[in-house]
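What follows is one structure encoded as structure tokens, with my remarks underneath.
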Amino acid sequence: MGGVSFDGGSPPPSYPGKLTPYVLLTVLAGAAGGLIFGYDLGISGGVTSMAPFLEKFFPDVYERQQSITSTNQYCKFNSPTLQLFTSSLYLAALFASLAAGEVTKKFGRRISMMMAGFIFLFGAALNAGAVHLSMLILGRILLGIGIGFANQSVPLYLSEMSPYNYRGRFNICFQLMITIGILCANLINFGTAKISGGWGWRLSLGLAGVPAVIILIASFFLSDTPNSMVQRGREIEAKALLKRIRGVDDVDAEFNDMLAAKNEADLVESPWRNLFGTKCYRSQLAMSILIPFFQQFTGINVIMFYAPVLFQSLGFGSDASLISSVITGVVNMFATGVSIYGSDRWGRRSLFLEGGVQMFIFQSLIAGLIGWRFGVSGNVMDIPFWFAAVVVVCICVYVMGFAWSWGPLGWLYPSEIFPLEVRSAAQSITVAVNMAFTFIVGQCFLTMLCSMKYGLFIFFAFFVA
């Protein structure tokens with residue numbers, strides 16, 4: 001069926017069609033939704049390492065930073081409230097993604113993307129103008145709602161617009177945009193940290209509105225997907241659009257499969273009940289839960305949204321920590337290109353396996369290096385340049401492994417294994433699980449680092465294994 005993506009049991013269908021300029025532009029514009037997620041992943045860690053921001057909203061952490069020159073490096077940033085600033089976004093995204101499933105199904109992928117841009121823009125404005133911690137948290141919650149809608153709709157949009165033989169590469173454009181967003185955030189943090197007057201953090205948070213404007217404008221010009229149009233009874237428009245995006249007139253086979261999928265979906269009264277109550281979906285459902293769970297418990301977001309804080313905790317100066325996070329951002333972006341090139345050539349499974357082995361080895365090395373240098377006490381006044389360089393290299397190789405495996409494939413694989421009748425509900429499950437464990441990692445990381453010391457990296461390496 002046109003609504004069913006390949007699940008490993010049989011080869012994907014082959015339909016007539018070619019890569020048209022129209023579909024290339026729409027896919028790239030749609031993938032810009034990843035910028036929203038990526039920018040926030042990168043921006044929060046840099047902002048929470050800026051002294052003026054800490055002084056205004058988290059004075060206890062600021063005083064700990066300023067008044068003690070020799071302290072346990074593992075515990076310098078330990079603050080449940082500071083963690084809540086980062087993690088509240090992902091808790092909001094969790095609940096928003098569940099609601100977004102119904103919106104995406106009833107009104108289409110494009111409307112859901114438009115809502116994501118609008119809500120995220122409002123949240124960015126609220127954060128930039130924040131004068132109280134409650135205002136800051138409310139802004140983060142709105143950002144989370146926007147991310148919940150974007151992460152639910154964009155992978156579906158890319159999967160359904162792309163020709164089958166380009167689906168893997170185009171869907172990974174979403175992850176590539178996430179990495180670009182992370183890199184832009186790291187570069188912006190490096191620049192705004194040097195602004196005199198202590199208001200640079202406002203600029204960093206406010207510029208989150210830029211990717212929101214991009215997806216908001218793009219959603220006004222994008223067409224919806226043929227699958228979504230068929231699902232909502234607009235068959236004539238869907239077939240015309242399918243001819244346009246495939247660049248051929250012979251689209252009967254693909255279109256008839258879409259109609260068959262739609263007719264089957266109409267027989268399903270409750271996609272949620274069907275998803276959880278029907279045996280034929282159990283293996284896919286297990287993957288849609290386990291893949292985002294393990295994606296987060298690789299520990300990648302410890303690096304992504306706490307990178308400057310992590311590097312500073314390891315004894316890097318404030319400038320060095322921001323530079324190091326920029327380096328990992330560059331590595332992350334370029335390594336994602338390997339997945340774009342290889343996901344359709346080498347297969348999803350081989351990349352999952354290779355990336356996992358690579359992450360395990362280098363996360364174990366990071367744990368060994370930090371344990372050797374900092375021990376359990378964490379009382380280290382300074383660190384030699386060679387040690388800092390080795391840690392950054394190990395983190396970069398670890399990030400490479402994630403960027404061409406569990407990063408992009410963690411979004412691609414679940415989006416392409418469900419039939420149309422339960423696809424929106426299933427994607428909501430994937431996003432909700434992802435956001436739930438992103439919230440848990442974000443809320444617990446600084447406390448776990450203080451309590452578990454270098455053992456925290458062994459903890460994540462266990463889940464990678």
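The values are calculated or read from the model by the stated rules, or taken from the named source; none is laboratory data. This one's a predicted model, so the numbers in the text were calculated from it and none came from an experiment. Heads up, the Cβs are rebuilt from the backbone with ideal geometry, glycines too, and the neighbour counts pull from every protein chain shown. Just so you know, the surface numbers come from the protein's heavy atoms only, side chains and all, with ligands and any DNA or RNA stripped out. Shrake-Rupley method; radii C 1.70, N 1.55, O 1.52, S 1.80 Å.
Please enumerate the residues belonging to segment 36-52 that are in a loop (DSSP other than H, G, I, E, B) and farther than 11 Å from residue 322 by Cα.
Correct list: 48 only.
Cβ contacts < 6 Å: first residue within 10 Å of residue 417 (Cα to Cα), restricted to segment 274-288; second residue surrounded by 20 or more Cβ atoms within 10 Å (Cβ to Cβ), any location; separation 6+ or different chain. Result?
Close Cβ pairs satisfying both conditions: 281/275; 284/417; 284/418; 288/414; 288/426; 288/429; 288/430.
What number of residues within segment 168-202 are open to solvent by 10 Å² or more (accessible area, probe 1.4 Å) and over 26 Å from residue 57 (Cβ atoms)?
7
Can you find, within segment 136-164, the residue that is modelled with the lowest pLDDT among those that are open to solvent by 10 Å² or more (accessible area, probe 1.4 Å) and under 13 Å from residue 119 (Cβ atoms)?
149
Can you find a residue that is within 23 Å of residue 423 (Cα to Cα), in a helix (DSSP H, G or I), within 24 Å of the chain's Cα centre (by Cα) and at pLDDT below 85 anywhere in segment 250-262?
no
For segment 430-465, give me the residue count where each residue is of a type in the set (A, V, I, L, M), in contact with a Leu (Cβ under 9 Å, 6 or more places away or on another chain) and under 27 Å from residue 155 (Cβ atoms).
5
Here's the yes/no breakdown for (1) at negative phi; (2) surrounded by 21 or more Cβ atoms within 10 Å (Cβ to Cβ); (3) within 14 Å of the chain's Cα centre (by Cα):
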{"position": "424", "(1), (2), (3)": "yes, yes, no"}
{"position": "430", "(1), (2), (3)": "yes, yes, yes"}
{"position": "434", "(1), (2), (3)": "yes, yes, yes"}
{"position": "439", "(1), (2), (3)": "yes, yes, yes"}
{"position": "442", "(1), (2), (3)": "yes, yes, yes"}
{"position": "445", "(1), (2), (3)": "yes, yes, no"}
{"position": "451", "(1), (2), (3)": "yes, no, no"}
{"position": "457", "(1), (2), (3)": "yes, yes, no"}
